[in-house]
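Have a look at the structure below before the remarks.
The values are calculated or read from the model by the stated rules, or taken from the named source; none is laboratory data. Given the structure is predicted, the values throughout are model-derived calculations rather than measurements. Positions of Cβ are generated from backbone atoms using ideal geometry, with glycine treated the same way; all protein chains shown enter the neighbour counts.
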Amino acid sequence: MGVMREFNDDPLGFIERLQRDYGDIVWSRFLYVPALFLYHPNEIESVLTTNAKNFRKAMTLRSNFFQRLVGNGLLTSEGEEWKRQRRLSNPAFHRERVASYANTMVDYANRLITNWHEGETRDMHRDMMRLTLEIVVRCLFSADVSHDVDHIGDTLAEMVKPFASQATLKWILNNRLPTPEHIRFHRLARKIDNVVYRIIAERRANGKDEGDLLSMLLAAHDEDGSGMSDQQLRDEVMTLFLAGHETTALTLAWTWYLLGKNPEAEKKFHAELDNVLNDRDATFADLP
Ligand code: HEM
């Protein structure tokens, strides 16, 4: 229990302390869940690339909650199934395609800052979560402007809340027992499934490329002409939502935190913004 409490109170401090006290490879345990921390790039490379075939995906990814949420999408699938989904999904991430999502990102960022006022204190984590949520929903379903899509983001955010505290006893129990949270989670999952399946059916019926991620996934075909089933599409949509939302929000929130702590870096950042953008909006071409 001590390990879990320490981790929950200060995850970063805990992870740093383990390395200080025990070195580059540390074994620990969260209740009955074993965890191995690797600190050196060599070991990380070995697990992720050179010896990747010796490893399976994390247990949390195969938990009931996670399976219900993202099914057998890219994040959770393995072996041949993963390979096929990966092949089919690749076009969605072509450079030009990703470039086209950049405008959505800039638009939503601009919209967000119109509500900001000089000198006020803001919860940047919340702002960034909201921002990346709107962006990922728009990049997935750009063309669907129905009322439902506006609510998909909020419903999904509600659903993934339990994952924010996945190392806690409560989460482990929720994953095993039909607690009220568990029942609520499954109700929300059904609600989202209904919306996502409806959008998929509409897209299949009209066959148009709407320029978003869903269109790309729908258009993808293997050499034998087969594409993704409705269930696979649904799983990949949910995977992209989850993979693309919290990761990016946390990266941005930490970026603001670190810039706030490092005035020299902040000065350089602003100088670069002035120099490159000179008050105009950023575009994908500015990235380098
Ligand atoms: C700073 C932001 C991000 C971080 C730190 C991050 C981190 C990761 C990590 C560590 C994995 C490997 C997971 C595993 O196999 O156990 C992963 C996989 C994945 N991520 Fe991200 N990610 C980020 C942004 C995104 C975005 C924006 C998207 C898409 C919209 C995305 C989509 C995916 C997908 C589809 C996979 C599974 C890939 C596969 O196995 O074929 N990620 N990400």
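Of note:
- Qualifying positions in segment 257-272 - surrounded by 11 or more Cβ atoms within 10 Å (Cβ to Cβ) and at pLDDT below 95: Tyr257, Leu258, Gly260
- Enumerated helices (runs of 4 or more DSSP H) restricted to segment 1-110, each holding at least 3 residues that are touching a residue at least 60 places away in the same chain (Cβ under 8 Å): 2-9, 64-70, 79-89
- Close pairs (9 angstrom Cβ cut-off, 6 or more residues apart or separate chains): without any contact (Cβ under 8 Å) to a residue 40 or more places away in the chain and not assigned by TED's automatic domain parsing to the domain that holds Asp154 in segment 121-142, part of a loop (DSSP other than H, G, I, E, B) and surrounded by fewer than 18 Cβ atoms within 10 Å (Cβ to Cβ) anywhere: none
- Per-region count, segment 198-214, residues within 16 Å of the ligand (Cβ to nearest atom) and either in a loop (DSSP other than H, G, I, E, B) or loosely packed, with under 14 Cβ neighbours inside 10 Å (or both): 2
- Members of segment 41-93 found to be among the β-branched types (Val, Ile, Thr) and either modelled with pLDDT under 90 or in the same structural domain as Glu158 (by TED's automatic domain parsing) (or both), listed by number: Thr60, Val70, Thr76
- Members of segment 73-101 found to be more than 13 Å from Leu213 (Cα to Cα) and buried (at least 16 other Cβ atoms within 10 Å of the Cβ), listed by number: Gly73, Leu74, Leu75, Thr76, Ser77, Trp82, Gln85
- In segment 13-24 there is no residue matching the filter, namely being loosely packed, with under 12 Cβ neighbours inside 10 Å and either of a type in the set (Ser, Thr, Tyr) or closer than 30 Å to Asp193 by Cβ (or both).
- For segment 267-284, the criterion of being within 16 Å of the ligand (Cβ to nearest atom), among the small types (Gly, Ala, Ser), in a loop (DSSP other than H, G, I, E, B) and over 19 Å from Leu69 (Cβ atoms) is satisfied by no residue at all.
- Qualifying residue in segment 225-246 (condition: in contact with a His (Cβ under 6 Å, 6 or more places away or on another chain), touching a residue at least 24 places away in the same chain (Cβ under 8 Å) and more than 15 Å from the ligand (Cβ to nearest atom)): yes
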